[in-house]
Amino acid sequence: MQAVFDGHNDVLLRLWENRNKGGDPVKEFIGGTTQGHIDLPRARKGGLAGGLCAIYIPNATETVFSAPESDGHYDTPLAEPLDRVYAFDIASEFIDIAYKLDRAGGWKICRTGQDIDNALADGDFAAVLHMEGCEALDKDLKALELFYQAGLRSLGPVWSRHNIFGHGVPFSYPMSPDTAPGLTDAGRELIKACNSLGILIDLSHITEKGFWDAAKLSNQPLIASHSNAHALTPVARNLTDKQLAAIAESNGLVGLNYVTTMLREDGQVNTATPMSDMVRHIDYLVGKVGIDGVALGSDYDGGPIPEGIADAAGTQNLVQALREAGYGEDDLAKLCRENWLRVLRAAWHENH
Ligand code: ZN
């Protein structure tokens, strides 16, 4: 088994939604459930040792994904911008759940590479707090320190909607990621603040212009935690060859997203997506970025994934498919965790 440290999951969103309906996040995570993708029993079974856990602020009204037209294309309108106070309140509720799990022994919130190493060695689920879209922050970043002190070690300036920091891409197919402007002045300040504090900057969900704006300013390796190859699946959320080349150049990383719309040639929601589509993206990404710059970014609990994995308990099915495709154990260790650990340490100013 190869322990997997994964670049993106939405388990906190599922636990938060359930708590709003009377559920108990600690019981659900530690005791397990049949719902969604991640809980402790299923993570242990599948060798999912930890990952970046998103603080994601849901839209005020539910996102309705547009059905494909007869020729297969679809255009999902971009979600509406969010109110800061609404977003701040929900972000604090996600953090409340994260620490209730930490205190109950469900997982360990990790702030350093050493914390992750320790959690992995002890068999604890290593959770790194990530903010997916910074609607909870004010333009002067007066709340950033508060979140940093609460353990935030990674953020994406935008999700797939616009905010005061920049512009996100819609869930549309086929579509270029060059859909809107890039970072705002406040977004540029956010990149600088992350560089100086040591918070990883995640460029998944941002427009292509935003990607280049961040690339120009940031002194970190370029990271897209849960995006795939646009050449294979031309959704706006995936990365062009030019973006992949820039990631390679910066010693950065791209994490494979398991959601079927981002894997399939036709960009559709269809859980009967073969494992070969995942291997095909990994092969392509490794060809463009190199074996040191590709990793996993499942998006567990974030969308429909191939039935060959089904949930966190099936994580090793992907590892096995890659093994059968010819990846040796040293390469698998890089894809499964070592590459993530390297870029996190770089972003966190840890030289070892
Ligand atoms: Zn996402």
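Just so you know, all these numbers are worked out from the coordinates, no wet-lab data involved. None of these values were measured; they are calculated from a predicted model. Note that we place each Cβ from the backbone using ideal geometry, even for glycine, and neighbour counts take in every protein chain shown.
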On the formula 1/(1 + (r/R0)^6), with r taken between the Cβ atoms of residue 89 and residue 272 and R0 of 51 Å, the FRET efficiency rounded to 0.05 is 0.85
Across the range 4-347, qualifying lysine pairs (alpha carbons under 21 Å, at least 8 places apart or different chains) come out at 19
Distance in Å, no decimals, from the C-alpha centre of the range 315-352 to the one of the range 251-289 is 16 Å
With 0.36 nm assigned to each residue of separation and the Cα-Cα distance removed, residue 245 to residue 216 gains 9.0 nm
If each part is reduced to its alpha-carbon centroid, the range 42-99 and the range 112-152 end up apart, in Å, by 17 Å
The ³J(HN,Hα) series, computed from each phi in the range 162-171 with the Karplus coefficients 6.51, -1.76 and 1.60 at θ = phi - 60°, rounded to the nearest Hz and given as x for glycine or proline, is 8, 8, 5, 9, x, 10, x, 8, x, 8
With the charge dipole of the range 4-347 built from beta-carbon charges (+1 for Lys and Arg, -1 for Asp and Glu) about the Cα centre, the Cα from 252, 269, 198 projecting farthest to the positive end belongs to 198
In whole Hz, the Karplus estimates of ³J(HN,Hα) for the range 63-72 (6.51, -1.76, 1.60; θ = phi - 60°; x where Gly or Pro) are 5, 9, 7, 6, 6, x, 6, 4, 8, x
Across the alpha-carbon set of the chain, Rg over Rh with Rh taken as the Kirkwood radius works out to 0.93
For residue 204, other-chain or 5+-apart residues with amide H closer than 5 Å (H placed, Pro excluded) are 225, 226
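What's the longest piece of the chain with no exposed GluC sites (Glu not before Pro), counting a site as exposed if DSSP puts it in a loop and it has at most 10 other beta carbons within 10 Å?
In the chain, the maximal stretch lacking such sites is 70-352.
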If amide H atoms are modeled at 1.01 Å from N in the peptide plane, then the residues at a separation of 5 or more from residue 162, or on another chain, having amide H under 5 Å from its own are 168
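Working out 0.36 nm times the residue gap between residue 349 and residue 67, then minus their Cα-Cα distance, what length gain in nm do you get to one decimal?
Gain on extension, residue 349 to residue 67, equals 97.1 nm.
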Placing each pseudo-label 7 Å from Cα in the direction of the beta carbon, residue 265 and residue 330 end up separated by a distance in nanometres of 3.5 nm
If unit charges are put on Cβ atoms (+1 for Lys and Arg, -1 for Asp and Glu) and the dipole of the chain is taken about its Cα centre, the option from 212, 76, 306 lying farthest towards the positive end turns out to be 212
Scalar couplings 3J(HN,Hα) for the range 329-337 by Karplus 6.51 cos²θ - 1.76 cosθ + 1.60 (θ = phi - 60°), nearest whole Hz, x for Gly and Pro, are 5, 5, 5, 4, 4, 5, 5, 7, 7
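Take every Cα pair under 8 Å in the range 4-347 that's 6+ residues apart, average their separations, divide by the length, and report that relative contact order as a whole percent.
Dividing the mean separation by the residue count of the range 4-347 yields 19 percent.
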Magnitude of the Cβ-charge dipole (Lys and Arg +1, Asp and Glu -1) of the range 190-252 about the Cα centre, nearest 20 debye, reported as 120 debye
Rounded to two decimals, the Debye log10 I(q)/I(0) of the range 30-158 (Cα scatterers, no solvent) at q = 0.11 Å⁻¹ is -0.50
Taking 0.36 nm per residue of separation between residue 338 and residue 99 and subtracting their Cα-Cα distance, the length gained on full extension comes to 83.5 nm
Counting sequence-distant residues (5 or more places) and residues on other chains, those with an amide H built under 5 Å from that of residue 294 are 254
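Roughly how big is the range 4-347's charge dipole about its Cα centre, with Cβ charges of +1 (Lys, Arg) and -1 (Asp, Glu), in debye to the nearest 20? Mind dumping the intermediate values first?
Details: 30 positive and 47 negative charges, 130 e Å.
Charge dipole of the range 4-347: 620 debye, to the nearest 20.
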Taking every other residue with Cβ under 14 Å from the Cβ of residue 319 and scoring Lys and Arg +1, Asp and Glu -1, one gets -2
